[in-house]
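Following: one structure in structure tokens, then a few remarks.
Read the figures in this text as sums done on the coordinates, not as results from a lab. Source: prediction; values computed, not measured. All Cβ positions, glycine included, derive from the backbone under ideal geometry; neighbour counts span all protein chains shown.
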Amino acid sequence: MQRIKKENLRLFLKFAKYLLPYWKKELAVILLGEIAVVFGLIYPYLSKLLIDKGLLNKDLNLFIFIGFGMGLLFILNGLIGAFVQYLNQYIDSKVDIDIRKSVFSHLNKLSFDFFQSKSSGEHIYRISYDIDRITAFITSAISEILTIFPRTLFIFAIIFYLNKRMAILALCLAPFLYILPYYFMKKTGTLYKELFENIQKIFERLAEVFSHIQLVKAFGKWESEFKDYIQRLLVNIGLSLKTAKLAALSGFSGNVMSRLIAGLIFFYGGYLVIKGKISFGSVTAIMLYINQLFSLQIRFAVLFQQSAMGMLSCVRIEEIFKEEPKIKEDLLAKSLSFERGEIIFKNVTFAYGNKAPVLENINFQIDGGARIGLMGSSGCGKTTIVNLILRLFQPQSGEILIDGYN
């Protein structure tokens, strides 16, 4: 478990480096987010003053002044939120492009056999959906963590300042807000992995069908392919329904728990008001802070879900970065310009992976400018010879010379 956590942290930091070119804008997002946190914390306290000092004391001027301040605060908070949303979209777009550039740059270095080992559908799915999830994860995680946890601590501190008894009660009940979402998110984590893999298989099959559509139509296989596609979709729907079921149970249990906690705190606050140990405005402010805790709990659940999906995608894209090109250029390699185009195979042996050799000790010469035909049964090595000349593969032994150059 400890090793998995370290690996997850390493992957997060590796992909989080894509934020570094935009650290000023990310810092602006964080700072503006903290300002929004402060405004959000002031708002309920102004409600307390509005009720206790303005309404109950029948002070119209103070009532109007505080009400105007609350309205202004609401507008400022909305403007900050809109600007933060724009900055987040800008950072998302830039980070997404940078990750795609890195992935494509690495793919360009990989040998031809890597692309043969996986279907084009799998490559398309990873480049499209996995990168999207990684971008959403790394661009939101840092700002959300730096917003959710400090705001939670400040809320409890303010409630404690307003009334110690209600603060202790809220502190004792608060863990129940997070236990159920955490439980359900752990359950859905494995489902997400299975769901991603199944969607990827659908992409793989579709890519294969449409890339060979001429053969599919010629041999009348469209109906069978359609049935196979529907069956895969039904499996996908089953997994989606399981995920939706857990999400619904999580939402329902979370709502019940939050309402129950809010009810207990409110009734206790009402009891204290009746006993004259707390003002009505203070109870109102505390309930507004409690509602903020509920909204933070929802954001925490979304963050946990994004993290689970994002880490799965990080692992999948990391598999691409871990691939090493099997054909590597010599550091002293020259840039050649062929004139005659003479091709010579000298004792060339080649095998795919650990399989039996397709070509073994092959020797032949093709004069420059000559036109030849390669004939033979399927699998005898015709395409392999062409791929070796193009250096899409590297022979296990022997030499391939063009105009005398290896």
On Cα atoms only, tilt of 60-109 relative to the major axis of the chain in degrees = 10
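List the relative contact order of the chain as a percent without decimals, with contacts defined as Cα pairs under 8 Å and 6+ residues apart.
Over the chain, the number comes to 22 percent.
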Provide Rg and Dmax in Å for the stretch 1-142, with only Cα atoms included in the calculation.
-> 23.7, 81
Write down Rg/Rh for the stretch 192-288, rounded to two decimals, with Rg from the C-alpha atoms and Rh from the Kirkwood relation over Cα pairs.
-> 1.51
Treat each spin label as a single point 7 Å out from the Cα along the C-beta direction, and report the GLU197 to LEU249 distance in nm.
-> 2.1
What is the pair-distance distribution P(r) of the stretch 82-121, computed from all Cα-Cα distances in 5 Å bins starting at 0, with each bin given as a whole percent?
-> 5, 20, 15, 16, 13, 10, 8, 7, 4, 1
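Suppose every K and R has +1 on its Cβ and every D and E has -1 on its Cβ; what is the size of the dipole of the chain about the Cα centre, in Debye to the nearest 20? Walk me through the numbers on the way to the answer.
Details: 47 positive and 32 negative charges, 324 e Å.
With only Lys, Arg, Asp and Glu charged at Cβ, the dipole is about 1560 debye.
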Three-way shape label, the stretch 270-323, alpha-carbon gyration tensor, a/c 1.5 | prolate
Protection proxy ranking, peptides 48-54, 17-23, average beta carbon neighbours within 10 Å, highest first | 48-54, 17-23
Choice from ILE372, ILE127, ILE265 showing the highest fluctuation, given a GNM over the chain with Cα pairs closer than 10 Å | ILE372
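Hey, with R₀ at 56 Å, roughly what FRET efficiency would LYS322 and PHE176 work out to, going by the Cβ-Cβ distance, to 0.05?
Numbers: r = 42 Å, r/R0 = 0.74.
Using R0 = 56 Å, I get an efficiency of 0.85.
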Efficiency by 1/(1 + (r/R0)^6): what FRET value for ARG165 and ASN8, r their Cβ-Cβ distance, R0 = 41 Å, to the nearest 0.05?
-> 0.55
To the nearest 0.05, how large is the calculated FRET efficiency for LEU146 and PHE266 if R₀ is 45 Å and r is the Cβ-Cβ distance?
-> 0.90
Relative to the chain, whose Cα atoms define the longest principal axis, helix 222-274 and its Cα axis are tilted in degrees, nearest 10, by 20
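Only Cα pairs under 8 Å and at least 6 apart count here; give the relative contact order of the stretch 133-271 as a rounded whole percent. Walk me through the numbers on the way to the answer.
Working: 49 pairs, mean separation 50.3, N = 139.
Relative contact order here is 36 percent.
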For the stretch 60-150, the fraction of alpha-carbon pairs in successive 5 Å shells from zero, as % = 2, 11, 13, 14, 12, 10, 9, 7, 6, 4, 3, 3, 2, 1, 1, 0
Flagged links, alpha-carbon separation over 25 Å, of LYS201/LYS328; LYS53/LYS275; LYS118/LYS242; LYS24/LYS193 | LYS201/LYS328; LYS118/LYS242; LYS24/LYS193
If the cut-off is 20 Å between C-alpha atoms, which aspartates and glutamates fall inside it for LYS48, apart from same-chain ones fewer than 8 positions away?
-> ASP59
Simple spin-label estimate for ASN291 and PHE154 in nanometres, 7 Å along Cα-Cβ | 1.9
Just from the alpha-carbon atoms, what are the Rg and Dmax of the stretch 312-406 in angstroms?
-> 16.4, 53
Springs between alpha-carbon atoms under 10 Å, Gaussian network over the chain: tell me which of LEU288, LEU241, LEU303 tops the mean-square fluctuations.
-> LEU241
Please identify which residues in the stretch 330-371 have an amide N closer than 18 Å to a label point set 7 Å out from the Cα of GLN116, following the Cα→Cβ vector.
-> 348-362
Considering every Cα-Cα pair within the stretch 52-209, what fraction, in whole percent, is farther apart than 28 Å?
-> 54
When you take every Cα atom in the stretch 118-228, what is the radius of gyration, and what is Dmax, the widest Cα pair distance, in Å?
-> 24.4, 79
Determine the distance separating the Cα centre of the stretch 1-77 from the Cα centre of the stretch 109-166; give it in Å without decimals.
-> 20
Be a star and scan the stretch 385-406 for residues whose amide nitrogen sits under 18 Å from the point 7 Å along the Cα-to-Cβ vector of LEU332.
-> 405-406
Value of relative contact order over the stretch 269-406, rounded to a whole percent, pairs C-alpha under 8 Å and six or more apart = 23
Taking the Cα centre of the stretch 95-143 as origin, sum charge times position over the Cβ atoms of Lys and Arg (+1) and Asp and Glu (-1), and report the length of that vector in debye to the nearest 20.
-> 80
Which of ARG259, ARG371, ARG340 moves most in a GNM of the chain, Cα contacts under 10 Å?
-> ARG371
Using a cut-off of 25 Å between alpha-carbon atoms, which lysines can reach LYS25, once sequence neighbours fewer than 8 places away in the same chain are excluded?
-> LYS14, LYS17, LYS94, LYS101
Tell me, in nm to one decimal, what length is gained between ASN57 and TYR229 on full extension, where the rule is 0.36 nm per residue of separation less the Cα-Cα distance?
-> 54.9 nm
Hey, what's the Cα Rg ratio for the chain versus the globular rule of thumb, 2.2 N^0.38 Å?
-> 1.47
